[in-house]
1. How high is the relative contact order of the stretch 418-502, given as a whole-number percent (alpha carbon pairs under 8 Å, six or more residues apart)?
2. Using label points projected 7 Å from each Cα along Cα→Cβ, tell me how many nm separate residue 175 and residue 330, to one decimal.
3. Could you sort the peptides 107-119, 300-312 by per-residue average Cβ neighbour count (10 Å cutoff), highest mean leading?
4. Which helices, counted as full DSSP H runs in the chain, have an axial Cα extent of no less than 24 Å and a Kyte-Doolittle average of 1.0 or above?
5. Students often check this: by mean Cβ neighbours within 10 Å, which of 487-493, 138-144, 290-296 ranks highest, and how do the rest follow?
6. Please list, or write none, the lysines whose alpha carbon is within less than 23 Å of the alpha carbon of residue 414, excluding same-chain residues fewer than 8 places away.
7. Among the lysines in the stretch 99-189, how many pairs, 8 or more places apart or on different chains, have alpha carbons under 23 Å apart?
8. Ignoring solvent entirely, what values of log10 I(q)/I(0) come out of the Debye formula for the chain at 0.08, 0.11, 0.13 Å⁻¹ when each Cα is a single scatterer?
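Bear in mind that the values in this text are calculations on the coordinates, not laboratory data. Note that the structure is predicted; figures quoted are calculated from it, not measured. Every residue, glycine as well, gets a Cβ built from its backbone with ideal geometry; the counts of neighbours run over all protein chains shown.
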Amino acid sequence: MRINKNYLPLLFGIAIAMGVVIGSKLNFEDTTEKIFATNSKKDKLNRLIDYIDYEYVDQVNTDSIVDVTVNGILENLDPHSVYIPVDAYEKNAEDMRGNFVGIGISFYPYNDTIAVIRALEDGPADRVGIRGGDRILYADDRPLFGEDFNRDSISAYLKGEKNSRVTLKVYRKGEKDLLTFKVKRKDVPLVSVDASYRLADDVGYIKINRFAETTSEEFDDALEKLTNQGISRLVLDLRDNPGGYIYTAEEILDEFLGKDKLLLITRNKKGEETKSYATRRGDFEDGKIYVLINENSASASEIVAGALQDNDKGTIIGRRSFGKGLVQREMALGDGSAVRLTIARYYTPTGRSIQKPYGNGNEAYYSDYEKRYRNGELLSADSIQVADSLKYVTPKGKVVYGGGGIIPDVFVPKDTSIANETLQFVSRSGYMGYFVFEFLEENRDFFKNASFEEFNRSYEVDDELAQDFVEYARLGEARIDLSAYSEDLKKAIKANIAQQLYGPNAFEIILNQGDPMLQKVLELEGLLISEEGE
């Protein structure tokens with residue numbers, strides 16, 4: 001058969017195109033049978049979505065179906081393999097990045113306006129003079145008030161491109177006219193070191209709320225300031241810390257452990273092991289350390305506590321930690337969403353896994369707290385269930401256990417009464433902050449010229465204000481009696497006032513006064529309990 005020469009360029013082009021398509025599918029380690037194979041499981045899902053999209057009788061948002069499908073798949077893996085949808089991805093990324101671009105205020109919608117709780121110290125808003133109690137009414141002439149205003153879009157108006165400017169019109173109590181502020185948006189830190197201060201004598205205190213990209217830098221700055229004040233003993237508070245990046249935990253461990261000390265072992269599905277070691281001379285290798293943990297300390301928090309415990313460095317104080325020994329990697333799905341997939345298990349330096357069982361499903365996994373409560377282990381160390389088969393020994397002969405969390409060296413029980421649980425929740429959840437904001441609306445001038453030291457030393461919350469909060473929170477209607485915790489309630493209110501006036505460090509200094517775990521540290525050190533942070 002003769003081929004018309006006029007068709008040769010066309011045929012040549014088709015051949016090249018087919019070669020590109022086939023080549024894209026080739027894996028030169030595959031047998032010839034696999035080259036043209038398709039993945040029937042992927043095809044099945046894609047075909048189902050197409051059928052729904054084009055043939056189903058009603059209009060359906062197939063994006064939502066895909067989200068449900070992805071979540072359903074991940075729920076059959078483990079509790080920590082999770083889907084991050086598009087609308088949650090940026091917020092999640094900001095939390096772990098440790099900063100965002102904005103004007104630097106904490107706020108909440110109060111009545112029908114945006115009320116500034118506090119301008120972050122040395123942030124863009126603080127520099128131009130915005131302060132707590134201000135109401136932001138306009139951003140570039142767009143109204144940010146009224147019943148019809150979409151509160152969910154507030155951040156969109158206040159955030160923006162770095163170095164871009166926004167003109168804010170602000171109502172301030174006592175001022176006749178609206179105030180105008182031109183604010184240049186900058187990187188605003190999402191602080192992961194909540195507090196650092198000298199607890200007593202040469203004992204320092206640092207609290208970390210998560211292990212983000214910026215945490216080790218924040219921690220180094222805090223530790224340097226404390227060592228310059230002469231501390232030789234440190235309390236590292238990891239209570240309620242859900243974890244974060246492994247490398248951040250390793251960087252912090254590097255401050256405490258000598259070069260070449262084993263920090264962590266990870267093992268993937270192929271059995272391949274990676275061992276991480278301390279890499280340099282740490283700033284606190286010669287110092288004494290206490291680590292505070294509780295049932296909500298997880299992941300990277302447990303890596304830190306486990307590495308220190310297994311290397312016979314310091315003392316772990318508190319209650320058995322959460323029990324998460326899995327490693328996740330975040331993988332983009334191409335549409336702005338991502339999946340955080342478990343890719344390995346980690347082991348402490350003695351070789352123990354502290355991952356608690358998850359074979360009975362997510363609900364049973366996350367209700368483990370109730371099981372611990374019923375077993376009595378929140379009240380007594382003797383009630384913690386351990387298996388001899390999971391016994392390990394540190395280089396200096398201390399017995400430690402795997403199988404579901406880090407068991408502390410020194411146990412401190414939890415007050416599990418409903419009243420105390422309620423008080424702990426409202427103290428730190430932000431709910432009490434709304435009440436305090438309204439109190440400060442009427443009394444801000446009273447605190448205007450007081451330093452934190454003066455406030456901490458002299459100000460006392462009276463019975464009337466404490467009762468006002470009980471009524472505000474409707475605790476009486478819920479039949480929650482806080483009468484036995486009246487002093488703790490007053491301390492929590494005072495701490496929340498301090499937070500809005502002076503920042504998170506002041507909040508922790510006050511709320512930590514009389515804290516049972518810190519009392520235990522000072523008792524072990526033979527120190528008198530200090531009622532004032534310095």
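1. Computed value for the stretch 418-502: 53 percent relative contact order.
2. If labels sit at residue 175 and residue 330, their model points lie 3.7 nm apart.
3. Ranked by mean Cβ neighbours within 10 Å, highest first: 300-312, 107-119.
4. 8-25
5. On the way: 487-493: 19.4, 138-144: 14.3, 290-296: 24.0.
In descending order of packing, they fall as 290-296, 487-493, 138-144.
6. 207, 324, 356, 371, 490, 491, 494, 520
7. Summing the qualifying lysine pairs gives 11.
8. -0.67, -1.16, -1.46
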